[in-house]
Amino acid sequence: MNVKKMILNAILIAIGALLHQITPALGLPMQPDFALAMLFIIIVINNDYKTTLISSIIIGILTALTTKFPGGQLPNIIDKVVTANAIYFIFKLIGNRINNNIKMIIALSLGTILSGFVFLGSASLLVGLPGSLVSLISIVVIPAAIMNIFLGMILYKAIVIALKATGVLIRK
């Protein structure tokens with residue numbers, strides 16, 4: 001069973017990295033972060049801290065390699081690790097009181113906003129920003145979070161359907 005989960009996680013990470021690479025920046029450097037959405041899906045499906053931490057580091061490195069933000073390599077790694085840890089521990093506090101669909105909506109909305117804050121905050125400290133932090137949050141982070149909610153839920157539903165069709169059990 002561990003091998004199946006590792007293969008599933010590797011496939012989800014690869015799909016997320018590929019979608020992150022080919023998704024165009026819409027207007028400003030705003031784009032839905034499919035890699036982040038896949039990270040949240042991995043967290044919900046596995047409910048395992050070691051998997052969360054390893055996946056966040058790998059996704060952080062892959063998004064650092066494909067970032068469209070000048071000097072955004074290290075901020076990408078920082079934001080994925082911080083965001084994944086925060087979402088994982090929020091889910092631990094919530095437990096099984098809510099279903100996975102609601103958890104995904106929480107992760108996609110709160111997680112994307114947190115990721116944007118951490119990314120922009122670390123980028124401002126490390127390399128500087130092309131505008132004010134407040135304007136970038138309102139122009140880039142909030143619209144990206146809205147896009148991530150809709151597109152991430154579509155991805156999550158497709159993955160759940162595929163897992164059910166293949167007989168792979170996911171945690172409720």
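The values are calculated or read from the model by the stated rules, or taken from the named source; none is laboratory data. The model shown is predicted, which means the values in this text are computed figures rather than measured ones. Don't worry about glycine lacking a Cβ; one is built from the backbone with ideal geometry, like all the others, and counts go over all protein chains shown. Accessible surface areas use protein heavy atoms only, side chains included; no ligands, DNA or RNA. Shrake-Rupley method; radii C 1.70, N 1.55, O 1.52, S 1.80 Å.
Tabulated results
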{"item": "Residue match in segment 133-151 (condition: in contact with a Pro (Cβ under 6 Å, 6 or more places away or on another chain), in a helix (DSSP H, G or I) and either charged (D, E, K, R) or farther than 18 Å from Gly72 by Cβ (or both))", "result": "yes"}
{"item": "Pick from segment 46-59, criterion open to solvent by 10 Å² or more (accessible area, probe 1.4 Å) and touching a residue at least 24 places away in the same chain (Cβ under 8 Å), ranking: nearest to Asp79 (Cα to Cα)", "result": "Ile57"}
{"item": "Any hit, segment 65-72, residues being at pLDDT below 95, in a helix (DSSP H, G or I) and of a type in the set (S, T, N, Q)", "result": "no"}
{"item": "Hey, Ile161 out of contact with any strand residue (DSSP E or B) (no Cβ under 8 Å at 6 or more places or on another chain), β-branched (Val, Ile, Thr) and over 24 Å from Ala14 (Cα atoms) or not", "result": "no"}
{"item": "Check on Leu74, surrounded by fewer than 19 Cβ atoms within 10 Å (Cβ to Cβ) and farther than 21 Å from Ala10 by Cβ", "result": "yes"}
{"item": "Qualifying residue in segment 18-37 (condition: touching a His at 6+ places or on another chain (Cβ under 9 Å), open to solvent by 10 Å² or more (accessible area, probe 1.4 Å) and not in a helix (DSSP H, G or I))", "result": "yes"}
{"item": "Which listed residue is farther than 19 Å from Leu163 by Cα, modelled with pLDDT under 90 and aliphatic (A, V, I, L, M), from Ala107, Ala84, Ala17", "result": "Ala17"}
{"item": "In segment 124-172, the residues that are surrounded by 13 or more Cβ atoms within 10 Å (Cβ to Cβ) and among the β-branched types (Val, Ile, Thr)", "result": "Val127, Ile137, Ile139, Val140, Val141, Ile142, Ile146, Ile149, Ile159, Val160, Val168, Ile170"}
{"item": "Given (1) within 14 Å of the chain's Cα centre (by Cα); (2) among the small types (Gly, Ala, Ser); (3) not in a helix (DSSP H, G or I), number of the condition Ala86 does not satisfy", "result": "(3)"}
